[in-house]
Amino acid sequence: TMDLPHHGYRATKQRARAAPPQADPVLFEDTSSSASAMNTQGYYTPGYNMGAPSSDMQGGAGMDNLFADPMANAAMMYGSSLANQGKDMVNKEISRFMSVNKLKYFFAVDTRYVLKKLMILMFPYTHQDWEVRYHRDTPLTPRQDVNAPDLYIPTMAFITYILLAGMALGIQKRFSPEVLGLCASTALVWIIIEVLVMLLSLYLLTVHSDLSTFDLIAYSGYKYVGMIFTVLCGLLFGSDGYFVALAWSSCALMFFIVRSLKMKILPSISADSMGTGSAKPQLRLYITVATAVFQPIIIYWLTSHLVR
């Protein structure tokens with residue numbers, strides 16, 4: 001038992017002598033020496049690949065072996081030559097039907113040209129000079145000649161017509177993706193049919209003119225400007241405004257088509273009267289007038305269902 005304290009000192013029980021002090025306990029065991037020993041024996045250490053070369057070294061050696069192989073080099077050269085030949089063939093076939101340089105010509109426009117062309121399309125009666133200008137037997141670009149046909153206005157007018165058709169259908173609670181797609185495809189098909197009929201007529205009647213396929217697409221696409229004007233008037237002023245705008249845009253477009261194609265299809269009446277193989281001047285005039293008269297029919301067909 002423990003004795004009571006006496007004179008401020010605590011009496012303690014006699015204890016056995018403690019063992020000699022030892023080092024502090026180690027929380028983590030030092031394995032560096034053992035790891036080095038294991039590495040010397042060829043064991044795998046995490047994070048290091050001691051038994052085989054790295055993947056980068058393997059990849060580099062594989063590529064060196066590939067390029068050093070003459071058969072691989074020959075196969076790569078043969079494949080490259082085939083790819084170049086295929087690219088040349090594709091470009092040649094595309095150039096047969098559509099020349100990129102010619103296509104760039106029809107999009108060489110600026111803001112000044114676009115504004116003037118729109119004014120001519122809507123008010124063609126005030127325009128006097130309809131002759132297309134040339135420079136060294138090459139027609140000037142639309143940027144330089146307002147009478148030159150372009151594809152920028154027809155393309156933008158076509159897109160605007162589709163958007164306006166969607167808005168008109170939405171106002172009338174008849175909008176759906178299928179109806180809008182049908183409207184766009186119908187408008188596109190009508191242009192294709194019109195251009196094909198024109199090309200076939202010129203070919204069958206042996207009419208030699210400066211008109212190209214892009215020219216015909218441009219002149220056929222100008223009708224979308226009048227269609228936009230007609231639909232807008234119909235939405236704003238009802239059926240009365242629609243028919244007034246239809247009459248105005250149809251007459252303006254017919255006048256524009258006759259005066260423009262007259263410079264292309266009827267350039268040399270005297271030469272045709274002397275020749276025997278080409279079409280008579282009257283047939284050329286009939287083609288021009290028929291093309292112009294056909295425009296109001298298409299405008300009415302593509303816009304009447306949008307205004308109610």
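Working with all protein chains in place, sort THR230, THR213 by solvent-accessible area computed with a 1.4 Å probe, largest first. Don't jump to the answer; show the numbers that get you there.
Details: THR230 0, THR213 65 Å².
Correct descending sequence by accessible area is THR213, THR230.
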Taking all protein chains together and a probe of 1.4 Å, list TYR219, TYR78, TYR134, TYR203 from the most accessible to the least accessible.
-> TYR203, TYR78, TYR134, TYR219
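Quick check: net charge around PHE294, other residues with Cβ under 11 Å of its Cβ, Lys/Arg +1 and Asp/Glu -1?
Charge balance in the 11 Å sphere: 0.
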Mean accessible surface per residue for region 210-262, computed with a 1.4 Å probe while every protein chain stays in place, in Å² = 38 Å²
How would GLU131, GLU178, GLU194 line up by accessible area, probe 1.4 Å, largest first?
-> GLU178, GLU131, GLU194
Cβ-Cβ FRET estimate between LEU115 and LEU204, R0 fixed at 35 Å, reported to 0.05 | 0.35
For an R0 of 25 angstrom, estimate the FRET efficiency from the Cβ-Cβ distance between VAL293 and SER212 and round to the nearest 0.05.
-> 0.65
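Given R₀ = 22 Å, what would the calculated FRET efficiency be for LYS87 paired with ILE159, taking r from the Cβ atoms and rounding to 0.05?
Working: r = 31 Å, r/R0 = 1.42.
In this case the efficiency is close to 0.10.
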Find how much the distance from LYS262 to MET77 grows on full extension, using 0.36 nm per residue of separation minus their present alpha carbon separation; answer in nm with one decimal.
-> 61.0 nm
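The values are calculated or read from the model by the stated rules, or taken from the named source; none is laboratory data. Every value quoted in this text rests on a predicted model; they were computed, and no experiment measured them. Glycine also receives a Cβ, built like all others from the backbone with ideal geometry; neighbour counts cover every protein chain displayed. Accessible surface areas use protein heavy atoms only, side chains included; no ligands, DNA or RNA. Shrake-Rupley method; radii C 1.70, N 1.55, O 1.52, S 1.80 Å.
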